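Heads up, the thing below is written out as structure tokens.
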């Protein structure tokens, strides 16, 4: 009796079964290699292996054999044994003997089960986990805030160790000085956009002079600070996470701890303090650039000369004297949020380089989210205070 | 009959030389690394490549597997000129070799079993059940416990990562296996188990092995011939002949205290 896959040409894998007086003989031939595995697998599955008595497995006609082919042979043999047969012989070419032997030594080759849930269940599980994670992370962030506060106070009152001033200066340089071009350019452009859009609307009432008030108040109070915070979150918050995360992967943080250095004091404190100094300065600079942008725009489009602009701005500020300081007051708060989240996410890096990327993204998203939320909170607070 | 879009693996070539390097020159940012280097790796042998730090072992390996273009010279791997091979021909050649990188280079977002299945999925259409069987087979073949298949690389120790990397390199039953410092960073017991494993696999699968290593025990245990990278070129011999070589670096390498301890053992 012949079952499937008879020899078409000499390289395709084939097998056939011969039954004589309840004695089963399975003959294999051709290339028993991985390329043939798919067809061999399905036809071997279909093979009726219910046999009793002695079975001969004859593989002398096999021209090539690799580990997958050898596995299929062995699997067939095992299925026969389980069906109650007794394998009397397994013959294969001499050169493939070691392969068969080394595979036969492995008793328990069971398919690896890669657990895959139903996509919908999977989706719901992910949402649940993400929610739980978000809460846990909030708690952890608060813990980190507490730890940072305690360690900062300790660092300042403890006389025996000097604070890492060089790192602090470096941080001011990296987060502040090097951010000047991008913050300046974007704030200038925002001033241009703001006055252009404002002028367009206010012209209809013949009130184009109030464009100056718009640029001044909006720039000082909101745009300058918010824009700076967003740029710094993208530039420095992400850098904090990536720097600290890479150090964590490289076991540098572990090394610090064994030497007796406190990573919070060495890494986090200079970053937080540095940004606390750099951000208000950057915000002030951004405010000025925003005003310059507005002034340039007013000069060329509305014909409001620079002295006129300055006089109007002065009047506007007299009308709302707190604007400038309210905007600037928010800068340290934003700075603290960005540095805190950046360092926190950096210290959470674990395992592989992929997590550095993931947590860096998360640090930026979280700090921008928190900055805007706090900004909204400030708006409500200030309006309640009537300033 | 379904059209075969994926490349059909050619039958193993009958050539005696698996890797043939002729007049290889490599310059990296102005530094001459290899100066007209010639090397033949015979089919079915285990060749160990040694050399001091910065002697260009890794560069040689990367050039042979086509990750880096040589400045000059020709390289034939399994009879194919690697530096001009492109597209389908290159893929057909890549099916015939396996590479184990130093740290295993497992894909971090996938389990060990999925890692092993990557080349299988790329080149063959196999039913999922068979894919899982093959993954389990390879996992057993490299001596990992069966439950390792469902783990992620970050959950594995360094030695297990190397074994898993080897399982992935062996996924397509290659003719040629490249190993980059397979025993570096392993404890002596794991290292000698790894040596045995390579010996076993080499015998049972009839592999040709190109192995970069520093480990003199591994050299002794596994290699047929040894290639030493010295003076920007290469010197090939057996452990026996190299032990008596007069070149100062080779002499120091094979006669130093560590080497003596390993070789006398």
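The values are calculated or read from the model by the stated rules, or taken from the named source; none is laboratory data. Computed from a predicted structure; not experimentally measured. Virtual Cβ from ideal backbone geometry, glycine too; neighbours counted across all protein chains shown.
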query: When the residues of region B:140-185 are filtered to those that are without any contact (Cβ under 8 Å) to a residue 24 or more places away in the chain and assigned to a helix (DSSP H, G or I), which remaining residue is nearest to residue B:78 (Cα to Cα)?
result: B:140
Counted residues, region A:39-75 - those being under 52 Å from the mean Cα position of the chain (by Cα) and closer than 20 Å to residue B:173 by Cα: 17
query: Of the residues that make up region A:70-87, is at least one facing chain B (nearest Cβ under 9 Å), under 30 Å from residue B:110 (Cα atoms) and either in contact with a strand residue (DSSP E or B) (Cβ under 6 Å, 6 or more places away or on another chain) or at pLDDT below 80 (or both)?
result: no
- request: Output the residues belonging to region A:352-370 that are free of Cβ contacts under 8 Å to residues at least 40 places away in the same chain and within 14 Å of chain B (Cβ to nearest Cβ).
  value: A:354, A:357, A:358
message: Which condition from (1) buried (at least 18 other Cβ atoms within 10 Å of the Cβ); (2) under 24 Å from residue A:145 (Cα atoms) is the one that residue A:297 breaks?
response: (2)
- prompt: Looking at A:264, A:230, which one is at pLDDT below 90 and in a helix (DSSP H, G or I)?
  reply: A:264
message: Could you check region B:83-97 and list, in sequence order, the residues that are assigned to a loop (DSSP other than H, G, I, E, B) and surrounded by 21 or more Cβ atoms within 10 Å (Cβ to Cβ)?
response: B:95
- prompt: Say we look at region A:224-245 and pick out the residues that are farther than 16 Å from residue A:336 by Cα and in contact with a helix residue (DSSP H, G or I) (Cβ under 6 Å, 6 or more places away or on another chain); which of these is surrounded by the fewest Cβ atoms within 10 Å (Cβ to Cβ)?
  reply: A:242
- line: Picked from region B:107-139 (must be over 20 Å from residue A:354 (Cβ atoms) and not in a helix (DSSP H, G or I)), the residue nearest to the chain's Cα centre (by Cα) is B:124
Failed item in (1) within 14 Å of chain B (Cβ to nearest Cβ); (2) within 41 Å of the chain's Cα centre (by Cα); (3) modelled with pLDDT of 80 or more, with residue A:93 passing the rest: (2)
message: Condition check: under 30 Å from residue B:106 (Cβ atoms) and either touching a helix residue (DSSP H, G or I) at 6+ places or on another chain (Cβ under 7 Å) or outside the structural domain of residue A:192 (by TED's automatic domain parsing) (or both). Does residue A:341 satisfy that?
response: no
message: Quick test of your reading of the structure: residue B:177 fulfils all but one of (1) over 29 Å from residue A:104 (Cα atoms); (2) in contact with a strand residue (DSSP E or B) (Cβ under 8 Å, 6 or more places away or on another chain); (3) modelled with pLDDT of 85 or more. Name the failing condition by number.
response: (1)
message: If I ask for residues that are surrounded by 19 or more Cβ atoms within 10 Å (Cβ to Cβ), within 14 Å of chain A (Cβ to nearest Cβ) and within 22 Å of residue B:58 (Cα to Cα), which ones from region B:98-129 would you list?
response: B:98, B:104, B:106
task: Kindly provide the set of residues from region A:21-38 that are more than 10 Å from chain B (Cβ to nearest Cβ) and either surrounded by fewer than 19 Cβ atoms within 10 Å (Cβ to Cβ) or in contact (Cβ under 8 Å) with a residue 40 or more places away in the chain (or both), ordered by number.
output: A:21, A:22, A:23, A:24, A:25, A:26, A:27, A:28, A:32
message: Going by what's in this entry, would residue A:128 be described as away from chain B (no Cβ under 14 Å), over 22 Å from residue B:169 (Cα atoms), out of contact with any helix residue (DSSP H, G or I) (no Cβ under 8 Å at 6 or more places or on another chain) and modelled with pLDDT of 85 or more?
response: yes
query: Could you list, in sequence order, the residues of region B:210-241 that are in contact with a helix residue (DSSP H, G or I) (Cβ under 6 Å, 6 or more places away or on another chain) and closer than 16 Å to residue B:98 by Cα?
result: B:212
task: Look at residue B:52 and say whether it is closer than 21 Å to residue B:236 by Cα and modelled with pLDDT of 85 or more.
output: no
field: Only listed residue being at pLDDT 90 or above and within 29 Å of the chain's Cα centre (by Cα), chosen from A:216, A:237
entry: A:237
